[in-house]
Structures are given as C-alpha cells and as structure tokens.
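Asker: Next up is a structure, given as structure tokens.
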2 protein chains.
Amino acid sequence: MRPALNDNFSRLVPSYLFSEIAARQKVFSAAHPEVKIIRMGIGDVTRPLAPAVIEAMHRAVDDCARPETFHGYGPEHGYAFLRERIAQQDYAGLGIGPDEIFISDGAKSDLGNLVDLFDDRNVIGIPTPVYPVYVDTNLMRGRTIRYIDCTEADGFTGQIPDFPVDILYLCYPNNPTGAAISREKLSAWVDYAHANGSVIIYDSAYEAFIREPSLPHSIFEIEGAKECAIEVRSYSKTAGFTGIRCGYTVIPKELGPLGAMWERRQGCKFNGASYISQRGAAAIYTPEGRRQVRADIDAYLENAALIRSGLEAIGLHATGGENAPYIWARTPEGMDSWKFFDLCLEKAGVVITPGCGFGRGGEGYFRITAFNSRDNVCEAMQRLKAL
Amino acid sequence: MRPALNDNFSRLVPSYLFSEIAARQKVFSAAHPEVKIIRMGIGDVTRPLAPAVIEAMHRAVDDCARPETFHGYGPEHGYAFLRERIAQQDYAGLGIGPDEIFISDGAKSDLGNLVDLFDDRNVIGIPTPVYPVYVDTNLMRGRTIRYIDCTEADGFTGQIPDFPVDILYLCYPNNPTGAAISREKLSAWVDYAHANGSVIIYDSAYEAFIREPSLPHSIFEIEGAKECAIEVRSYSKTAGFTGIRCGYTVIPKELGPLGAMWERRQGCKFNGASYISQRGAAAIYTPEGRRQVRADIDAYLENAALIRSGLEAIGLHATGGENAPYIWARTPEGMDSWKFFDLCLEKAGVVITPGCGFGRGGEGYFRITAFNSRDNVCEAMQRLKAL
C-alpha cells in the first residue's frame, strides 16, 4: 500500500482501561458465578428518557411518515427551534445568539473535530487527571501537550501555569474527579488565557449537575470569556441522551474567524444531527421537560451523596459528587489503583474505575459514578463497608 | 489570539453554489410572486420514510422509555443487529464480515473523517466533475489534488491516468453526472490501484438505484478490491434517511492497520450513531422493509426516466438517470451554466443546478434530480418544453 499512514496514531497509548476492566470482571464472574456484580464504574446513564422527550420523539417519527411533514436534510448547524431555545434558556442573559450555537451529534464529536480548525504546531495545555479524549485527539495530529497537574490542594482545578499554551482544555464539573470550579478560579483561567492569547475549550457536559448557586454553569458567565473561549455541551448527561446523540458547541462572534471556519468544517464533513434527536432535545426546554430531567439528575445526585458519605463512613477520603455525577476517592493506605480494583471486585463484587486510567495524577485514586439504581448503590456501599 | 489557525482553510473555494441558487430564486420570487417555482435541483429526498422504518423507530423510542429496555451508549462501531444484516444482505457472497463494517451517522461524516488516517503528504486523485466534499476535506489538510477528467467520451467514468496517486476517490453511480460504472471499467480502476499501490475510497451512496443487473453495486464485487478499497455507504438515498442520519464504511481486513486505526479514530472522536436511527436502518432489511424502500426508489427512477426523456424530447443531450437519481445534461448551444439557470428560472420558473458548481468539466452542463413529486416533474418538463 502506497499511501503513507498518519503515523501520529503510533503515539497513542492503547486504551486498555475499560477493556481491562471488562476482562478482569469476566475472569472473576467465570470463577464465581454466584456473585452478583455491581458495576459502579460505568459512565453511562441508566435512567430512561423523560416522558416529554419520548413524546416529542414519537411525534418527530410520525412527522417523517407523512410527505407534508417529512424532514430531510436539516440545517447543518441545527434547527432554529433548538438553537433558539438554547440561546434563550441555557444562555439567558449571557448575550449568546442562536447563530453562535452549533448543534451536533454530541460533545465527543465536537471536542474531537474542533482540532481541525487549528494548526498542528500549537501547544496544547491539558489539566490532569483527565478524560482521555482531549489528549488522544491532539496526539493524532502530532501536537505537543503540556500537562497541568490538578491535585487535592487546588480542589482539582489546577494551578495556573507559569508557561504559555496556545489551546487550553478545561472541564468543569470534571470527569473524572467530580470537582466543580468556582467563579473566581474560572476567572483566573480566563485571565491566564487573555495574558497568553490562549483559546480555552470548555467542556461543560456536566453543568446540569451543578446545584450550588454560586458556581458557574457556563464559562460565558465570566467577564472576558467570549473573547477567548469555545464551550461544548451535551444532552448525554443532562437528559440521558447517550444513545440518542445530540450536543452543541458555542463559538462566540468575538472569536473572529473561528465560527465561520467551524461552519465550513461542519458543512463539509457533517450533515446535521438527527431530526428526531433534535426534537427530543427541544422537549427538555418545556416546563414539563425541565422538571422531568431535573428530577432524573436529582436522583443521580442523591446516589452521589450516598456514595460519598458511604465512602467517608468507611474512612476513605472522597471528593466530588456534590455538583457532579462522579466521586473521586483515595485508595486506602495508598494502595495502587488496580490492586484496589481487584480487592473490590474479588471481595465485594463491586466494580470501580482505577484512577490510573485517567493519566498522570490518577494513580492512588478511584472513580465511582452515580449512574446506577438506588438499590445497587446501597448494596455496593454495604458491601464495601463489610469489606 | 495566539493559536495559529489551520491556514489550509484559506485554500477552500467558498461554497457559493446553493446559496447563490437560493439568492437568485429569492430575487425572482420577490419580483414574480405569482409564479410557482419548481425546484428540480435539490439533492434531498422528498418521499416519507417506509412504514417498516417508522414502526421500528417508534419501538426504539419506546425502548428508551423503560429502564429494562433503555439503550445508552451503543457499541462505537454500531450494533451487531445492524452490522450482521449488512454483512448478510448488502454483501451476500462477498465475504465481508460484521467486524469489517463500521456504522456511523452518515457517508459525509465518514468521507470527511477517513482523511484522518493518512499522512498529509499523500497525493489525492479525484475524478471531476465532482461532489465537492472529496476536494474540500483534503484541501483542509493541505494535500495535493490531481484531477482526473471525466467526459462524455468515457461515460463520465474517467480515463485511467498515466500518473500515480496515493488515494483515489470514486463515486458510482455518480453525483453529479448520474453515470454508472461497468464491472470492466471498475476492474480497470482496481488494476490501476494495484499497479500504483493506491487506496480507493469508493462512495456507493447511490447503489440502491442500480437496476441494470450487470452493474456492480459494490467495489468488493471486483477481484482484488479488498486489498485496495474502502467502501462508504449511506441510508440517506437508499431509504430516505437524510434527516435520520445513518451510514456505514467497510474496511476489509486485507487493508491491514486501517481498520484498527479507524476504530481508534472513531472511538476517540465519535460516540456511535443514534440507537433509534440504527433500529430504523435495520428495518429496511426485513422483507416488508426491502419491498417498501425499493418501491420508493422505483418511484424516483420513474421520475428520472420522465426527466431524461423530457429533456431529450426538447433536443437536449442528457445522460444518467437510469441507475441513478441524477440527470446530467448539456445546456443548449453551449450556453454557460449560470445563463441557462437564469433562463430556466425566469422563463419557466424551474430551478436547476448549474454544472459549473461541480468543478472542472461541469461548465456547459446542468444537473436535475429525480427527488420530487410526479406532478412537479411532469409540470417542470411541460414548462421546459414550452420554453
């Protein structure tokens, strides 16, 4: 074969984390078929979709059955019915217009595809421990990454570095640590971006889990952010859309050519999100829709509180889980992540996610997610307590 | 702003075609509100979805309403229920396995994203006139493109070039010319790829329109193609999924690392196609589904036949429309494409697509599509005849 391959792929660390978890779980299950395993490591929602969303999607399916209401290609950047609701409700009072909002099939696609807009010589700043997608999508383009350590001392919001980066990824509420960021700290990051001319890519996929009124849901609540930030959001965790696929990216006009470049990129390599998914997403902006998706998130947050207090009750140091679906905890006595994983699996039949799977700064920690039934959460906590 | 932008975007020709068409149409409508304009240029389907698809999507929506049947993140490369049907039915007897099939949200995404797998120094071969996406997605990566002229003399299937290219794009049945390719000619392209070590990216989005039994539906019907070709398909035109979003790409094992690289790319930048869309797509493989989508395509093909004979009856030289939804015709007396566009709009209230919008070799031609109601097709032909 003559075409040269993209040899940046060889720089990617194979993603063994979830396959290794599955493999160890399988071995254990085969040896102990009598143990009911509780999976507390999964990052996928478990509650069914809100009735308002279901109803809207049924109507959308019916629209496609009649010539007079059939919807073919939609606007590449999303239907106005959705963009306008996002502008009015998600960004109320923040001065973001529908033409600065670009609908897609999800945050992961947008986070991956935004790299297309920038030159590959840019230096990328990534706080760690971290959701591996920011790292991998930039390594695939051969870019240099500078890691920014996040520790308990800074509440996992990172120390402002003394070196410049061109593009900075921030994710709050954070995956995997469940940390939220204060308005002051986020302002400090925006100031850093202004001082260095950096662009911030702000992943706020978990903003719907924020319950503390003082915390910012959007980076655009911070003065000056429109001049330096792109925000990516998803309905996956907000409304359980992990299988439905819909999200959006906000590129403020203040960022100059970037909005038009994204339009061009998407117009050329994307054909819009599903009409049915967009109708479903629009339904969460109705009064019933809002109430229903909030109730689902409340239920997950109650799980999170039970997990965090359960872990604390057995003497583990836990953070997160208050404005996020993730609880991040230290392994007991500095045990290594995989060793603790094995212990939980073998002695309690509980699957956790080893922190080392999230890169530098993750070793010695583990992640538990609140995406589970109440019964499973309570039983898992009982078992860990007994252990 | 400090990050250097991807300056390859400046090499892209602004895509004025459809916006220019819309602008001219708007000016005309404002001046002549009494004329009912018939749009014969649109590349979007118009018939509603097949009842089997609608039913399957309603069931899929209901699945998402109950915890026991809820579907969150699906397998990144698609559900087995769909991959297996594709392998069994679309590739019956061709030895393509479900693990060589990767489901996505559509052919345009896959065609755009496949560029990620290759080094940017590769030379790209693109037959022209052409669907602009192959060109733009490669220009965005700064690649060198060598055009391969397709003319009436070669039935718009191109002359085998006397220079090598690393990656070759082929699309049959073709957009915009509606040309189909014979088994012999496609074999000649596969031979060219073997002789030069090229990889062919074969876009067979319109294969469902093939009615002539001797024509190949897939490049994998050609001996030796598995060693040199990737095939991209879509449900957009096969089953009217332009608003539903589902397609797939076949990367045969014989292509070595490319399948694993695509898995890695998609695992990192994509989260799977909508569960509802995949259930809808699976329904077209049932006996009723097959019958229903075939009937829809037959209706479009009857439109195509009426258009082609209508154009010929008024003395225009027309090709395509027999195994494709597109008719490609010479403008009368070598008139330039936009001039003929204006004439059709102003004197007949009919909108066509000027051939020059499809790049080199398109000037002096126009494209008409069969995606319309029978009544509109008949009236448009009457009006052009009168003109």
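The values are calculated or read from the model by the stated rules, or taken from the named source; none is laboratory data. Small disclaimer: the values here were computed from a predicted structure and weren't measured. Cβ: placed from backbone, ideal geometry, glycine included. Neighbour counts: every protein chain shown. Side chains are part of the model used for accessible areas, which takes the heavy atoms of the whole protein and leaves out ligands, DNA and RNA. Shrake-Rupley method; radii C 1.70, N 1.55, O 1.52, S 1.80 Å.
Conditions (1) assigned by TED's automatic domain parsing to the domain that holds residue A:93; (2) open to solvent by less than 10 Å² (accessible area, probe 1.4 Å); (3) out of contact with any Ser or Thr (no Cβ under 6 Å at 6 or more places or on another chain), marked per residue:
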{"position": "A:190", "(1), (2), (3)": "yes, yes, yes"}
{"position": "A:215", "(1), (2), (3)": "yes, no, yes"}
{"position": "A:224", "(1), (2), (3)": "yes, no, yes"}
{"position": "A:232", "(1), (2), (3)": "yes, yes, no"}
{"position": "A:243", "(1), (2), (3)": "yes, yes, yes"}
{"position": "A:255", "(1), (2), (3)": "yes, yes, yes"}
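Asker: Here's another thing I want to ask about it. Quick one: residue A:323 ticks every box in (1) under 29 Å from residue A:154 (Cα atoms); (2) touching a strand residue (DSSP E or B) at 6+ places or on another chain (Cβ under 9 Å) except a single one, so which number is it?
Answerer: (2)
Asker: Do we find a residue being touching a Phe, Trp or Tyr at 6+ places or on another chain (Cβ under 6 Å), in contact (Cβ under 8 Å) with a residue 40 or more places away in the chain and not basic (Lys, Arg) anywhere in the range A:306-319?
Answerer: Yes - at least one qualifying residue is present in the range A:306-319.
Asker: Against the condition in contact with a Ser or Thr (Cβ under 7 Å, 6 or more places away or on another chain), assigned to a helix (DSSP H, G or I) and more than 30 Å from residue A:261 (Cα to Cα), how does residue B:52 come out, does it pass?
Answerer: yes
Asker: Suppose we keep only residues that are assigned to a helix (DSSP H, G or I) and not aliphatic (A, V, I, L, M) within the range A:133-145. Which one would you say is surrounded by the fewest Cβ atoms within 10 Å (Cβ to Cβ)?
Answerer: A:136
Asker: Mind listing whichever residues of the range A:64-92 are surrounded by fewer than 18 Cβ atoms within 10 Å (Cβ to Cβ) and assigned to a helix (DSSP H, G or I)?
Answerer: A:80, A:81, A:84, A:88, A:89
Asker: Okay, next question. Can you pull out every residue in the range B:118-131 that is more than 7 Å from chain A (Cβ to nearest Cβ) and either over 21 Å from the mean Cα position of the chain (by Cα) or closer than 22 Å to residue B:355 by Cα (or both)?
Answerer: B:120, B:123, B:125, B:126, B:127, B:128, B:129, B:130, B:131
Asker: What number goes with the only condition from (1) of a type outside the set (Lys, Arg); (2) within 23 Å of the chain's Cα centre (by Cα); (3) open to solvent by 10 Å² or more (accessible area, probe 1.4 Å); (4) more than 24 Å from residue A:131 (Cβ to Cβ) that residue A:287 does not pass?
Answerer: Here residue A:287 clears every test but (2).
Asker: If I ask for residues that are open to solvent by 10 Å² or more (accessible area, probe 1.4 Å) and without any contact (Cβ under 8 Å) to a residue 40 or more places away in the chain, which ones from the range B:168-188 would you list?
Answerer: Passing the criteria: B:182, B:183, B:184, B:185, B:187, B:188.
Asker: Could you pull out the residue among A:35, A:27, A:115 that is more than 9 Å from chain B (Cβ to nearest Cβ) and free of Cβ contacts under 8 Å to residues at least 40 places away in the same chain?
Answerer: Matching residue, one of A:35, A:27, A:115: A:27.
Asker: Across the range A:97-112, which residue is nearest to the other protein chains (Cβ to nearest Cβ) among those that are of a type in the set (Asp, Glu) and crowded, with 21+ Cβ neighbours inside 10 Å?
Answerer: A:105
Asker: Residue B:148 - would you say it is in contact (Cβ under 8 Å) with a residue 12 or more places away in the chain, hydrophobic (A, V, I, L, M, F, W, C), open to solvent by less than 20 Å² (accessible area, probe 1.4 Å) and in a loop (DSSP other than H, G, I, E, B)?
Answerer: In short, no.
Asker: Okay, moving on. Quick one: count up the residues across the range B:38-55 that are within 20 Å of the chain's Cα centre (by Cα) and either open to solvent by 30 Å² or more (accessible area, probe 1.4 Å) or facing chain A (nearest Cβ under 7 Å) (or both).
Answerer: Number satisfying all stated conditions: 8.
Asker: Is it the case that some residue within the range B:158-167 is more than 10 Å from chain A (Cβ to nearest Cβ), assigned to a loop (DSSP other than H, G, I, E, B), of a type in the set (Val, Ile, Thr) and open to solvent by 10 Å² or more (accessible area, probe 1.4 Å)?
Answerer: yes
Asker: Being modelled with pLDDT under 95 and either open to solvent by less than 10 Å² (accessible area, probe 1.4 Å) or within 8 Å of chain A (Cβ to nearest Cβ) (or both) is the requirement here; does residue B:61 meet it?
Answerer: no
Asker: Consider only pairs whose beta carbons are under 6 Å apart and that are at least six residues apart or on different chains; among these, list those whose first residue lies in the range B:288-305 and is more than 17 Å from residue B:41 (Cα to Cα) and whose second residue is surrounded by fewer than 20 Cβ atoms within 10 Å (Cβ to Cβ).
Answerer: B:296/B:47
Asker: Please determine, by comparing only the residues of the range B:106-123 that are in contact with a Gly (Cβ under 7 Å, 6 or more places away or on another chain) and of a type in the set (Asp, Glu), which one is nearest to residue B:227 (Cα to Cα).
Answerer: B:110
Asker: Is one or more of the residues making up the range B:120-130 within 26 Å of residue B:5 (Cβ to Cβ), surrounded by fewer than 21 Cβ atoms within 10 Å (Cβ to Cβ) and charged (D, E, K, R)?
Answerer: Within the range B:120-130 (the criterion being within 26 Å of residue B:5 (Cβ to Cβ), surrounded by fewer than 21 Cβ atoms within 10 Å (Cβ to Cβ) and charged (D, E, K, R)), the answer is yes, since at least one residue qualifies.
Asker: Right, something else. Out of all the residues in the range B:302-348, which are more than 19 Å from residue B:370 (Cβ to Cβ) and open to solvent by less than 30 Å² (accessible area, probe 1.4 Å)?
Answerer: The answer is B:331, B:337, B:340, B:345.
Asker: Which one of the conditions (1) in the same structural domain as residue A:95 (by TED's automatic domain parsing); (2) open to solvent by 10 Å² or more (accessible area, probe 1.4 Å) does residue A:298 fail to meet, given that it meets all the rest?
Answerer: Going through the list (1) in the same structural domain as residue A:95 (by TED's automatic domain parsing); (2) open to solvent by 10 Å² or more (accessible area, probe 1.4 Å), residue A:298 breaks only (1).
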